[in-house]
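Taking it in order: structure first as structure tokens, then the write-up.
The values are calculated or read from the model by the stated rules, or taken from the named source; none is laboratory data. Please read all numbers here as calculations on a predicted model, not as lab measurements. All Cβ positions, even for glycine, are placed from backbone atoms using ideal geometry, and neighbour counts span all protein chains on display. Each accessible area value is taken on the protein alone, full model and side chains, heavy atoms only, with ligands, DNA and RNA left out. Shrake-Rupley method; radii C 1.70, N 1.55, O 1.52, S 1.80 Å.
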Amino acid sequence: MDSKHSTHQRQLTVRISRGTEDGTFSTYSVPWRENQTVLDVVTEVQRTQEPSLSYRYACRVGVCGSCAMTVNGKPRWTCRTHVSRVEEGGVIVIEPLRNMPRIKDLVVDMREFFQKWAKAGNTFVGTATRNDPPATVLPQSKKRKLADAAIECINCGVCYAACDVVSWDKDYLGPAALNRAWTLFNDERHADPKDVLHKATSGSGCNSCHTQGSCMTHCPVSLSPTGSIAGLKRSSLLSLLKGG
């Protein structure tokens, strides 16, 4: 017999958290393939072994962020996480994101996340009308550079899931909402940056951040919500000193 057909293909053990609320773990075995991602593995389990497994994904190429899950204890985009980087002894453990209620299996309810995003004053209000020429914002301006440093967030929820402050303070707005507030505060076209600063610093806003940096460590696109929050704190202090 051809040796290629007589040897067994290496198997990967996959433990997936199932159910609602706390849930329980189910264990599956899938073929170990070159360059497979964690999302590939979840998809294979759903298509070949567990049709009722619930999870989210859309683009599969790191654009939408909807496939975020907890893999071996860390929040990640599963479409850009290769099994070879995270497996431990041929095993990967997959859970839903932390800090958000579970709907089923690997799907979480993100309403709280987006409600906080809105609570931070993150609705753009323009000062121009359709009849006005486009606003001129110089790329080299200080405010534009500050906004650019944080503008690539796509609200995947990874930083929110990684944040320990969110775990113990459910009123805390969270790193994504505050990162967005920082970009809007620095947007020269926005009508009321003072309102953004007030909402982002009130109650459990940016002053509740403990600067642990977990959001920055886990951000899939290497943003620094920690830096954005520090910017909000500085701006709030300066506004207070100026009597604004």
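Tell me, please, whether a residue that is without any contact (Cβ under 8 Å) to a residue 24 or more places away in the chain and at positive phi can be found in region 159-169.
Within region 159-169, the subset without any contact (Cβ under 8 Å) to a residue 24 or more places away in the chain is 168.
From the residues that got through so far, the ones that are at positive phi too are none.
Scanning region 159-169, I find no residue that is without any contact (Cβ under 8 Å) to a residue 24 or more places away in the chain and at positive phi, so the answer is no.
I'd like the full set of residues that are closer than 15 Å to C159 by Cβ and surrounded by 24 or more Cβ atoms within 10 Å (Cβ to Cβ), limited to region 59-75. Matches in region 59-75: A68, M69, P75. Answer yes or no: is there a residue in region 40-63 that is touching a residue at least 40 places away in the same chain (Cβ under 8 Å), in contact with a Cys (Cβ under 7 Å, 6 or more places away or on another chain) and of a type outside the set (K, R). Checked against the condition, which is being touching a residue at least 40 places away in the same chain (Cβ under 8 Å), in contact with a Cys (Cβ under 7 Å, 6 or more places away or on another chain) and of a type outside the set (K, R), region 40-63 yields at least one hit. Scanning region 8-19 for residues that are open to solvent by 80 Å² or more (accessible area, probe 1.4 Å) and either in contact with a His (Cβ under 6 Å, 6 or more places away or on another chain) or not basic (K, R) (or both) gives H8, Q9, Q11. For region 82-111, the set of residues classified as in contact with a strand residue (DSSP E or B) (Cβ under 6 Å, 6 or more places away or on another chain) and closer than 20 Å to S222 by Cα consists of H82, V86, L97, listed by residue number.
Screening L146 against (1) within 18 Å of S222 (Cα to Cα); (2) in contact with a Ser or Thr (Cβ under 7 Å, 6 or more places away or on another chain); (3) of a type in the set (A, V, I, L, M) leaves a single unmet condition, (2). G121 falls short on exactly one of the conditions (1) open to solvent by 40 Å² or more (accessible area, probe 1.4 Å); (2) at positive phi, and that condition is (1). Residues that are in contact with a Lys or Arg (Cβ under 8 Å, 6 or more places away or on another chain) and open to solvent by 70 Å² or more (accessible area, probe 1.4 Å) number at least 1 in the following helices (runs of 4 or more DSSP H) confined to region 133-244: 193-201. A count restricted to region 176-233 and to residues that are under 23 Å from L138 (Cβ atoms), of a type in the set (A, V, I, L, M) and either out of contact with any Leu (no Cβ under 9 Å at 6 or more places or on another chain) or free of Cβ contacts under 8 Å to residues at least 12 places away in the same chain (or both) stands at 3. Scanning region 20-58 for residues that are open to solvent by 30 Å² or more (accessible area, probe 1.4 Å), in a loop (DSSP other than H, G, I, E, B), of a type outside the set (G, A, S) and at pLDDT 95 or above yields a count of 6.
Hey, any hits in region 184-206 for a residue that's modelled with pLDDT under 95 and touching a His at 6+ places or on another chain (Cβ under 6 Å)? Yes - at least one qualifying residue is present in region 184-206. A search for C-beta distances below 8 Å between a residue of region 134-150 that is under 17 Å from S235 (Cα atoms) and any residue that is assigned to a helix (DSSP H, G or I) and among the basic types (K, R), counting only pairs 6+ apart in sequence or on different chains, returns A150/R180.
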